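Student: First the structure, then my questions, so here it is.
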Amino acid sequence: TKVGQLNPPPSATSARPSKITVYRDPSIVGSPATMIFNIDDVETYGLKQGQSYSFRLDPGEYVLSFFLGLNECRQVVWFEKGKDYRVELSPSCNIAPTEL
């Protein structure tokens, strides 16, 4: 599976978009597989363990998900305008956004 950008994230058009950084936990679980990160069911980025990807999104509600091997994990997340977030993704189906 490809590592890196698969499709662009949704375009940020607001004056104060949120900065999002997704980070794949460096856990050994699933380490040889690429984690496919999705925004609103669109494959966006392929991550290897310990890798991160940053982008900007308009404020609002999004469905963040990922595939790792045969496992799919998903969560609805709300981002506020002008704030920075780190979203940690772990093989245990954890999608944990933290405001920075």
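The values are calculated or read from the model by the stated rules, or taken from the named source; none is laboratory data. Quick caveat, the model's predicted, so the values are computed rather than measured. Here Cβ is always computed from backbone atoms with ideal geometry, including for glycine, and neighbour counts include all displayed protein chains. The area values use the complete protein model at the heavy-atom level, side chains included, leaving out ligands, DNA and RNA. Shrake-Rupley method; radii C 1.70, N 1.55, O 1.52, S 1.80 Å.
Student: I'd like the Karplus ³J(HN,Hα) series for the stretch 24-39: coefficients 6.51, -1.76, 1.60, θ = phi - 60°, whole numbers in Hz, and an x wherever there's a Gly or Pro.
Tutor: 8, 3, x, 3, 6, 5, x, 4, x, 8, 7, 8, 9, 8, 10, 10
Student: Over all alpha-carbon pairs in the stretch 7-57, figure out the percentage whose distance exceeds 14 Å.
Tutor: Numbers: 697 of 1275 pairs.
The answer is 55 percent, as a whole percent.
Student: Please compute the alpha carbon radius of gyration of the stretch 38-87, then divide it by the globular-protein estimate 2.2 N^0.38 Å. Two decimals is fine.
Tutor: Numbers: Rg = 11.6 Å, N = 50, 2.2 N^0.38 = 9.7 Å.
Ratio of Rg to 2.2 N^0.38 Å for the stretch 38-87: 1.19.
Student: Karplus couplings for the stretch 62-77 from phi (6.51 cos²θ - 1.76 cosθ + 1.60, θ = phi - 60°), rounded to Hz, Gly and Pro as x?
Tutor: Taking θ as phi minus 60°, the curve returns 9, 9, 9, 8, 8, 10, 9, x, 8, 8, 10, 10, 8, 7, 8, 10 Hz for the stretch 62-77.
Student: For the stretch 11-60 and the stretch 74-94, compute the distance between their C-alpha centroids and round to whole Å.
Tutor: If we compute the Cα centre of each part, the gap is 9 Å.
Student: Another question, then. Over the chain, what percent of the accessible surface lies on carbon and sulfur atoms, probe 1.4 Å?
Tutor: Details: 2650 of 5340 Å².
Using a 1.4 Å probe with all protein chains present, the chain comes out at 50 percent carbon and sulfur.
Student: Pick from Ile28, Ile20, Ile39 the residue whose mean-square fluctuation is largest in a GNM of the chain, springs joining Cα atoms under 10 Å.
Tutor: Per the Cα network of the chain with a 10 Å cutoff, Ile28 tops the list.
Student: Looking only at trypsin sites (Lys or Arg not before Pro) in DSSP loops with at most 13 other Cβ atoms within 10 Å, what is the longest site-free stretch of the chain?
Tutor: That would be 3-80.
Student: In addition: In Å², what does the accessible area per residue of the chain work out to with a 1.4 Å probe?
Tutor: On the way: 5340 Å² over 100 residues.
Dividing the accessible area of the chain by its residue count gives 53 Å².
Student: Kindly provide the pair-distance distribution of the chain built from C-alpha pairs, with 10 Å bins from 0 and whole-percent values in order of increasing distance.
Tutor: Taking every Cα pair in the chain, the percentages come to 17, 53, 26, 4.
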